[in-house]
Structures are given as structure tokens and as C-alpha cells.
């Protein structure tokens, strides 16, 4: 009893995983969730989804991990279940397909030939040598239908030709192509990466930056260095960006191996890593002169990446809080001045061309803005997807599979030649599993030629 129960349970499991309904359900769900993952911006911060979609949809997005749909556990589980469904269906159908594929078309009797969907027969008076007639009809059959095989059946000769026998494997090619595409997507998701790089002219980096939805920053090693030799940005009269271009240099072990100017639609690729021109960012770069009452002075260089500097001799900390490129026609900067310990401080505005005196503790300071300019950083999107070639292979296999399934038919022709008393019995038969209209035209053409030869005989 236990053995029977175990067998029944096994059959239930197989029926479940090989169910066509399950395959259709999974396909629809995957299609819908893929559409959501395409429409909904991916990889943004949770704050972005809260601000743009409201509290209710924010909870849905966060709970279902829709901000990173293609890595969500439930999405990967659906893909795994769909893959298992395809594999089980394929294995279950395979024995039947093998029987069809191995079936010998010559293993038929004369009556079996006459049961084919397309058939025609003639009784030919033997006015001439029957051997010559048979030879001529065999030659015509092989010439028009193709290369075939023959066998003695029921006192006559049975000739058999088939084309497109391998069309039974088209559906399996489609199944395998889906699995290959899934494999490529998984390889790309877990072995590839997407990140960004922000570079000033002359700056070099060996890593990209990735920020997850929770705001955590991760450095992704590139395996080589990328340098921005030059960055150009042009604007329309209304201030909108017209063009931005980066001259990039790839360095490997300190040696230049590749150089290219990239535009928005013209990326650079090296070792499977692609750099796309995606954005730009303006950054302030200022120099401030600070003179104390005892005659000591210091030139303070501040930028977006060095927004504070110390004057140890005076125990001062000077930082940049805000930069405005034009205030009454001149640049201005808001400074923070405090002690190095950060216990006391003050904020002041400094306008180019205007010296300012400021008292801080026992110090009398004179501050002036020597230089102020906006520099531009190039914003690069960095992507590596080692699974993309696997996905393309799967797509090619799928197209080939559908072409086989829909356009390649298994066409079979039989010609039986035997004697019926003093007459030659000729039977032509055919069968196809695709495009019966086209096959019927081909069959009628062959019948017409045989009729013509018999008439001439």
C-alpha cells in the first residue's frame, strides 16, 4: 500500500509540474511583473518611491521589493518554477517524440499506404516493358520528391521519401531557448553590475559606485582604471544642455590601452564593461585669501570634494557651505569659520571683488575671494552584463525554434509499384503535419507528372 501511495503522490507531483495551465499562469504572471519592472524605475532610493507614489504604494513597492524587481525572491522563484515546468514537460513529451522520430516510413503495407490522407492510384496496361516503366517512374519520383529509400512490400516495390523529419525538435528548441534566456538573465544579474562614475577633467578612478534603495554606497572594482582627459558641455541659449562629450582613456597596469570620445549614444566598452555618457554636474572651485591682524596669511582652496580646510597655526576651520555663480554680476560663496574643535563658528557671505573684515575670537581677519569658477564633472553610467551573449543566443534559438515549428513540415511521400494481373499497379501517397495547402499543390504536381508519363507509356 505504501508503494502505491508513493507512486500516486509522485504522479500528482509530475502532473502538477507538467501542467499546461501552470505554464500559462506562470507565463502571464512573469509577463505582468516584467512589465511592472520595466515601467517602475528600478534601483532608486526608498525616499524616491515615497515621494513619487505616496504612502500606500510605497508600502507595496517596499514589501514586494518592486524597487529591484528582477532580484526579488518571489520573481526568481517564479522563474525557477517556470523552468522546472518546462523541463518536466520536455522530459514527459520526449519518449513520444522519439517514437515519432524513429518511426520507419517503409514499415507499411500496401493497405497502409492507401490509408494516407493524400493518395492516387493507376492501373497501367503493360504495353511496353514493365521494367522500363518502373524505372522511369522511380526516376521521376526521386527527381521531384527527393532522395529516398526502397523496400519490397506485398510483392511490389515501396519507395519512400521524407523531408523535415527534424521539425519535431522545434518545440524542444523553444523550450531550451527559454531556459537559456533565463540563464543569461541570471548570469547578468548576479555576475554583472550597474553603477556610476563622476569624474573631473584629469581625474582617474578604478571603481564604480552603486547606491542601493537604502542609501548604502558600494564600491565596485573595475579591474582597470578610467581617466577623463577632457569633458565638454555646450548649452542652448535657454540654458538646456546641447551636447556633453567625454574623452576617456583606459589604463591597465598604468599603460594606456584604449582611448575614445564618448557621446550619449556612443559608449566605450573594455573587458565587457561599458561606459555610457549619461549626465554632467557642475562643481564650484574657489580660492580664498585669509589675512590675520599679525600679517600672516593663507590661501584656502575649496571645492565640492574639499569643502573644508584648516589653518593650524590659527586654530581655524574654514569651509564652503554654498556657492552662487552670479550675485549682482559676480560670484559669491557662503563660508563657515570656526575653531578646529568645532565648538564655535559663524557663517558669512563673501562676494568676489569685495574684501571683508571679520572678528573671530581674538583674531581680526580679512577675507577676499581670489578665484571662483564652475567646473564640470562627467557623469558616466557603468554597466557589465556577462549574460548578454547568452540571452542573445537564447533569442536566436527561440526564433529558429518558432521558424521550425510554424514553417517546417514533416512531409512524406510513398510510391508503390506492383503487378495486378497483366497491369502495373501504381500507388502514390503522401502525408504532412504542416501547411497542407502547399503540400497538396506539390502532391498534385507529382501526380500530374506520373499521369503524364503513364499516358505516354
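The values are calculated or read from the model by the stated rules, or taken from the named source; none is laboratory data. These figures come from a predicted structure and were not determined experimentally. For neighbour counting, all protein chains shown are included, and Cβ atoms are generated from backbone atoms with ideal geometry for every residue, glycine included.
Data for the structure
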read-out: Residue in region 438-452 that is part of a strand (DSSP E or B), surrounded by 14 or more Cβ atoms within 10 Å (Cβ to Cβ) and under 40 Å from the mean Cα position of the chain (by Cα) present; value: no
read-out: Number of positions in region 309-322 that are in a strand (DSSP E or B) and either at pLDDT 90 or above or over 20 Å from residue 281 (Cα atoms) (or both); value: 7
read-out: Subset of region 14-23 (residues that are surrounded by 11 or more Cβ atoms within 10 Å (Cβ to Cβ) and without any contact (Cβ under 8 Å) to a residue 24 or more places away in the chain); value: 15, 16
read-out: Tabulated pairs, region 329-350, first within 20 Å of residue 284 (Cβ to Cβ), second at pLDDT 80 or above and part of a loop (DSSP other than H, G, I, E, B), C-beta under 6 angstrom, 6+ apart or interchain; value: 330/352; 330/353; 331/352
read-out: First in region 406-427 and farther than 25 Å from residue 167 by Cβ, second anywhere and in a loop (DSSP other than H, G, I, E, B), Cβ under 6 Å, 6 or more apart; value: 418/155; 422/126; 424/126
read-out: Test: residue in region 131-146 that is closer than 17 Å to residue 430 by Cα, within 49 Å of the chain's Cα centre (by Cα) and surrounded by fewer than 12 Cβ atoms within 10 Å (Cβ to Cβ); value: yes
read-out: Index of the failed condition, residue 195 passing every other in (1) out of contact with any strand residue (DSSP E or B) (no Cβ under 6 Å at 6 or more places or on another chain); (2) in the same structural domain as residue 385 (by TED's automatic domain parsing); value: (1)
read-out: Count of region 328-341 residues which are touching a strand residue (DSSP E or B) at 6+ places or on another chain (Cβ under 7 Å) and farther than 13 Å from residue 369 by Cα; value: 5
read-out: Residue check, residue 182 closer than 27 Å to residue 389 by Cβ, loosely packed, with under 15 Cβ neighbours inside 10 Å, touching a helix residue (DSSP H, G or I) at 6+ places or on another chain (Cβ under 9 Å) and modelled with pLDDT under 95; value: no
read-out: Residue list for region 85-105, filter: surrounded by fewer than 14 Cβ atoms within 10 Å (Cβ to Cβ) and either touching a strand residue (DSSP E or B) at 6+ places or on another chain (Cβ under 9 Å) or closer than 14 Å to residue 431 by Cβ (or both); value: 100, 103, 104
